[in-house]
1. Give the residue that is surrounded by the fewest Cβ atoms within 10 Å (Cβ to Cβ), with candidates limited to residues of segment 233-244 that are over 12 Å from the mean Cα position of the chain (by Cα) and in a strand (DSSP E or B).
2. So which pairs qualify, if the first residue must be in segment 294-307 and in contact (Cβ under 8 Å) with a residue 12 or more places away in the chain and of a type in the set (A, V, I, L, M, F, W, C), the second must be outside any loop (DSSP other than H, G, I, E, B) and surrounded by 10 or more Cβ atoms within 10 Å (Cβ to Cβ), the Cβ gap must be under 7 Å, and the two must be at least 6 apart or on different chains?
3. Filter segment 207-232 down to the residues that are part of a helix (DSSP H, G or I) and of a type outside the set (Gly, Ala, Ser), then identify the one that is farthest from ASN141 (Cα to Cα).
4. May I ask you to list the residues in segment 279-310 that are in contact with a helix residue (DSSP H, G or I) (Cβ under 8 Å, 6 or more places away or on another chain) and hydrophobic (A, V, I, L, M, F, W, C)?
5. Scan segment 94-131 residue by residue and report those that are under 30 Å from MET174 (Cβ atoms), buried (at least 20 other Cβ atoms within 10 Å of the Cβ) and in contact (Cβ under 8 Å) with a residue 60 or more places away in the chain.
6. Hey, does segment 64-85 have a residue that's in contact (Cβ under 8 Å) with a residue 24 or more places away in the chain, surrounded by 18 or more Cβ atoms within 10 Å (Cβ to Cβ) and touching a strand residue (DSSP E or B) at 6+ places or on another chain (Cβ under 6 Å)?
7. From the list LEU168, LEU230, LEU192, pick out the single residue that is under 12 Å from CYS154 (Cα atoms), surrounded by fewer than 23 Cβ atoms within 10 Å (Cβ to Cβ) and of a type in the set (A, V, I, L, M, F, W, C).
8. Which fully enclosed helices (runs of 4 or more DSSP H) of segment 33-152 have 3 or more residues being of a type in the set (D, E, K, R) and either closer than 30 Å to GLU212 by Cα or in the same structural domain as LEU23 (by TED's automatic domain parsing) (or both)?
Amino acid sequence: MSTPFMAIEWKENKIFLLDQTALPAAENYLSYDSISELVVAIQLLVVRGAPALGVTGAYGVVVAMDEAARKGLSAVQLEQNIDALRDARPTAVNLAWAVEKIRKEVGRGRDAVLAAAQELASDDKQSSTDMGNIGADWLINTLGAKPLTLLTHCNTGSLATTGTGTALGVIKEMHQRGYVKEVYADETRPLLQGSRLTAWELMKSDIPYRIEPDAAAAMAILSGRIDAALIGADRIAKNGDSANKIGSLGVALACHAAGIPFLVVAPESTVDRSIATGSDIHIEIRDDKELTFFKSIQVAPIGAKTFNPAFDVTPAKYISAVITELKVYEIAKGVSL
């Protein structure tokens with residue numbers, strides 16, 4: 001499926017990002033040729049989604065090199081800037097993975113680094129297509145060739161990748177084959193990536209959908225409205241434990257109780273085989289103001305303490321399968337990553 005927009009583009013020797021903080025009200029592209037500004041953009045979620053962060057990190061190394069040449073920075077300062085880019089979002093393994101992968105090319109010169117970044121972006125786009133096909137085949141083989149009602153959490157589409165997406169890419173492929181009845185999109189509190197971003201993508205793809213509050217997901221699943229749930233991942237441990245946007249664990253538990261498939265769809269680069277279990281995954285804690293204010297409007301007492309993790313970890317025992325661009329890992333059947 002072609003996409004009418006790009007979350008990330010490299011042109012005019014800059015990174016152009018579709019500002020996801022402004023969607024769906026406005027489609028604004030912002031350009032970056034400074035590492036400090038790019039790091040802030042990543043932390044403010046102008047760009048988000050594990051694969052998109054990886055591509056941004058890859059191009060970011062080129063930005064770091066260009067900035068170093070422009071400002072006459074030392075080799076040490078260049079490395080420090082690349083480190084800052086790598087560490088901008090610690091839970092999302094794709095960002096660090098891509099930065100380190102492209103950093104190895106720095107000694108070969110700027111053109112080689114740019115070519116490597118462009119190749120990584122191209123591979124990510126193909127990865128979306130492959131995950132979409134593999135995931136759709138698995139759903140059809142498991143649940144039958146019939147229209148399904150699917151649930152998804154957060155945003156895992158073209159806004160989170162350079163292609164059709166991970167979990168949402170599977171849904172788009174199912175829609176292309178005529179097997180989507182409707183999609184339930186969790187609003188995904190507190191930053192509403194589901195209602196702002198996923199619903200926007202579903203609308204653009206002409207896929208029937210409805211938005212539900214996160215707290216309604218368990219009811220929708222346990223009342224028989226949902227045939228399967230699909231999410232993405234920011235990091236997957238060797239045993240299959242998967243970190244994804246906060247609220248994913250609740251969806252997995254409800255699917256387990258209802259006996260329906262719960263799929264994690266993510267590229268192989270998201271599988272971190274250097275960590276044994278999800279307990280080794282660092283969880284990013286976000287600012288209190290994301291909960292106590294909404295668009296600068298106070299919605300909680302001043303000084304209120306919060307518990308605002310950006311991600312949770314779903315244990316492997318609650319995951320039916322992990323879908324990557326290479327294969328299906330049927331975690332529920334004991335298949336190892």
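1. Kept after step one, since they are over 12 Å from the mean Cα position of the chain (by Cα), are these residues of segment 233-244: 236-242.
After this cut, where a residue has to be in a strand (DSSP E or B) as well, the list is 236-237, 242.
Details: ILE236: 33, ALA237: 23, SER242: 32.
Only one residue fits best here, namely ALA237.
2. Pairs that qualify, where the first residue is in contact (Cβ under 8 Å) with a residue 12 or more places away in the chain and of a type in the set (A, V, I, L, M, F, W, C) and the partner is outside any loop (DSSP other than H, G, I, E, B) and surrounded by 10 or more Cβ atoms within 10 Å (Cβ to Cβ), are ALA304/THR292.
3. Ranking the candidates gives ASP214 first.
4. Matches in segment 279-310: VAL299, ALA300, ILE302, ALA304.
5. Listed by number, the residues that qualify are ASN94, TRP97, ALA98, LEU120, ALA121, ASP124, SER127, SER128, MET131.
6. No, the conditions are met nowhere in segment 64-85.
7. On the way: LEU168 fails: surrounded by fewer than 23 Cβ atoms within 10 Å (Cβ to Cβ); LEU230 fails: surrounded by fewer than 23 Cβ atoms within 10 Å (Cβ to Cβ).
When all the criteria are applied, what remains is LEU192.
8. Output list reads 50-71, 75-86, 93-103, 110-143.
The values are calculated or read from the model by the stated rules, or taken from the named source; none is laboratory data. Computed from a predicted structure; not experimentally measured. Positions of Cβ are backbone-derived with ideal geometry, glycine not excepted, and every protein chain shown enters the neighbour counts.
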